[in-house]
Amino acid sequence: MNLVLLGPPGTGKGTIAKFIETTFKCTHVSTGDLLRDEVAKKTEIGLKVEPIMKDGKLVSDSIVLDILKKRLNEFNGYFILDGFPRNLAQGKMLDHLLDELKISLDVVLEIDSPVDVIVKRLSARRQCVDCKRIYGLDVPSKNEGLCDDCGGKTILRADDKPEIVEKRLNLYNETTKPLSDFYNEKGLLVKVDGNRTLQEIFSEVEKTLKKFESD
Ligand code: ADP
Ligand code: ZN
């Protein structure tokens with residue numbers, strides 16, 4: 001089953017993606033993580049996108065499409081796409097890319113939450129600098145500032161600062177939210193209420209996706 005995950009930042013998308021990855025054996029592909037990787041490695045792309053990401057703006061469609069293509073070509077299994085598409089143009093790019101690779105998209109899962117909950121979540125969020133694992137209100141690390149899995153440092157992402165969060169949310173509503181209609185018209189959209197505990201979200205996601213897996 002190939003899947004796209006939609007939803008504003010701060011809905012636990014990354015954590016939910018990891019859950020789906022282990023439960024349904026799809027590979028988690030996060031364009032945000034791929035871009036942060038380029039930044040960390042100080043590649044040509046990384047140097048270019050770093051200031052854009054710090055400011056909470058969107059990286060150009062062509063750069064993101066390139067790194068996504070590269071990633072999808074590296075494996076044969078199923079994927080769960082997180083962070084792409086982020087606007088209608090990218091939605092159409094993904095259609096073409098999947099046609100080209102003869103891959104079908106099976107379901108688009110949209111997670112939604114109220115704004116105040118999102119802001120609270122994001123300011124509590126930390127990410128491991130090494131393995132990229134996310135910690136938050138629901139899942140803090142055992143030792144503050146250190147990753148449970150690899151012992152790496154956990155930090156507040158530059159774009160999780162409150163003033164940047166507001167920008168990202170506005171951007172989401174203007175440019176990403178329209179994808180919900182785009183996929184609804186294709187009959188691929190399934191919505192999940194993100195304003196609950198992660199355990200509750202996990203069990204609904206599992207129940208919902210089981211139906212698609214057997215198709
Ligand atoms: P979040 O979903 O929490 O905002 P991500 O990790 O998905 O964070 O993305 C972080 C940043 O990476 C974005 O703010 C943007 O600058 C860049 N980015 C990620 N995916 C895309 C994309 N598909 N198109 C353009 N920019 C992207
Ligand atoms: Zn770690």
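The values are calculated or read from the model by the stated rules, or taken from the named source; none is laboratory data. Here the structure is a predicted model, which is why all the values come from computation and not from measurement. Ideal geometry is used to build each Cβ from the backbone, glycine not excepted, and the neighbour counts take in all protein chains shown. The accessibility values were calculated without ligands, DNA or RNA, using every heavy atom of the protein model including side chains. Shrake-Rupley method; radii C 1.70, N 1.55, O 1.52, S 1.80 Å.
Observations on the structure shown:
- Protein accessible area in the chain, 1.4 Å probe - carbon and sulfur %: 51 percent
- Cut-off 19 Å (backbone N to label point 7 Å along Cα→Cβ of Lys92), residues of region 161-193: 174-187
- Cα gyration tensor, region 60-104 - rounded (a/c under 1.5), prolate or oblate: prolate
- Gyration tensor verdict on region 12-56 (Cα atoms; rounded if a/c is under 1.5, prolate if a/b is larger than b/c, oblate otherwise): prolate
- Listed by chain and number, the lysines whose alpha-carbon sits under 26 Å from that of Lys210, ignoring those within fewer than 8 places in the same chain, are Lys13, Lys18, Lys25, Lys102, Lys177, Lys186, Lys191.
- For Lys48, the lysines whose Cα comes closer than 17 Å to its Cα, not counting residues fewer than 8 places off in the same chain, are Lys57.
- Surface exposure of the chain, expressed per residue as accessible area with a 1.4 Å probe, stands at 52 Å².
- When the square roots of the Cα gyration tensor eigenvalues are ordered a ≥ b ≥ c, the ratio a/c for the chain is under 1.5, which makes its shape rounded.
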